[in-house]
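Down below is the structure, laid out as structure tokens.
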Amino acid sequence: MSFDHLRDWIGRSETIGDVAAAAPLAGLAATLDHALPPWRDGEVPPLGHWLYFLPRALQRDISGDGHPHRGGFLPPVDLPRRMWAGGALGFTAPIRVGESITRRSTIDEVTPKEGRSGKMVFVKVRHEVSTPAGPALTEFHDIVYREASRPGEAPAVSEAAPAEAVWQRRIVPDIVLLFRFSALTFNSHRIHYDRDYCREVEGYPGLVFHGPLTATLLVDLFLRHNPGAVVTGFRFRAKRPLFDIHPLSVCGAPRDGGALLWALDHQGNVAMTAELDAR
């Protein structure tokens with residue numbers, strides 16, 4: 001199977017407009033269990049831009065996994081599993097609630113690889129979000145497409161936590177939490193709500209906990225301990241999937257200029273790592 005033709009998508013771009021409405025942020029606060037959220041009043045919180053510029057594929061254009069059919073802006077990678085692998089964000093100016101916002105997205109890289117779990121294709125998308133006042137943030141979004149799981153496939157090698165936890169929050173996920181985040185982000189990927197599909201088609205033991213939700217919970221942990229802080233950068237990497245059938249923990253430790261953050265599964269394996277910059 002050759003993926004060389006997918007490099008033709010490098011350089012493709014699209015521009016989408018939206019409004020930073022208050023209602024999605026109220027839904028996010030409720031989903032994160034905040035009566036009074038710890039982010040700055042009147043501003044979209046760090047990672048809150050993920051609640052805007054949502055996909056609007058017609059129902060007839062949805063494929064069997066719940067995603068829109070392959071092709072269009074993203075390259076048509078012919079591999080069955082698609083996951084959010086990580087990202088890097090720089091925040092340069094606030095987005096104020098009610099402002100018009102624009103996102104320009106560009107395919108920066110398409111990189112086929114082959115590892116112990118089979119063929120993979122990594123796609124890096126650059127998102128540039130601006131307001132009428134100018135640039136607000138730049139995000140590099142890493143997507144990985146993978147082959148279907150193989151019987152007896154070994155899990156990812158566990159790695160040590162990056163520091164001793166100073167902050168820690170235990171979360172018991174359930175289908176309601178996953179549903180609420182899927183609704184906030186208009187995410188119809190079946191791995192987050194269809195248990196039979198997860199087990200029988202993609203080979204997962206339970207519903208998959210959203211990678212962006214894990215990242216959001218990491219930033220939320222920092223803000224719970226540093227309310228009103230100005231986050232200037234955030235870099236995160238998914239290490240292994242989390243599922244709704246087990247509890248998880250989000251952990252963190254302060255450092256000069258920000259924090260180290262990570263998520264652990266129920267066995268203490270690192271599922272996501274992150275670095276946050278703040279002032």
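The values are calculated or read from the model by the stated rules, or taken from the named source; none is laboratory data. All values reported here derive from a predicted model rather than from experimental measurement. Glycine gets a Cβ as well: all are built from the backbone with ideal geometry, and neighbour counts include every protein chain shown. In case anyone asks, the SASA skips ligands and DNA or RNA and just uses the protein heavy atoms, side chains included. Shrake-Rupley method; radii C 1.70, N 1.55, O 1.52, S 1.80 Å.
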Check Arg195, Arg240, Arg190 and return the single one that is under 30 Å from Arg60 (Cβ atoms) and surrounded by fewer than 17 Cβ atoms within 10 Å (Cβ to Cβ). Arg195
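In this structure, does Ala88 turn out to be under 17 Å from Glu139 (Cβ atoms) and out of contact with any helix residue (DSSP H, G or I) (no Cβ under 6 Å at 6 or more places or on another chain)?
On the way: under 17 Å from Glu139 (Cβ atoms): yes; out of contact with any helix residue (DSSP H, G or I) (no Cβ under 6 Å at 6 or more places or on another chain): yes.
Yes; evaluated as a whole, the condition is true for this residue.
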With respect to Asp18, determine if the residue is more than 27 Å from Gly90 (Cβ to Cβ), of a type outside the set (A, V, I, L, M), open to solvent by 40 Å² or more (accessible area, probe 1.4 Å) and outside any loop (DSSP other than H, G, I, E, B). no
Only one of these conditions is not met by Cys198: (1) at pLDDT below 95; (2) in a loop (DSSP other than H, G, I, E, B). Which number is it? (2)
Only residues that are touching a His at 6+ places or on another chain (Cβ under 8 Å) and either open to solvent by 50 Å² or more (accessible area, probe 1.4 Å) or hydrophobic (A, V, I, L, M, F, W, C) (or both): list them for the stretch 58-76, please. Asp61, Ile62
Which of the residues that make up the stretch 136-154 are at pLDDT below 90 and over 27 Å from Pro76 (Cα atoms)? Gly152, Ala154
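Considering only the stretch 21-46, how many residues are of a type in the set (Gly, Ala, Ser), out of contact with any helix residue (DSSP H, G or I) (no Cβ under 7 Å at 6 or more places or on another chain), surrounded by fewer than 17 Cβ atoms within 10 Å (Cβ to Cβ) and under 19 Å from Ile171 (Cα atoms)?
2
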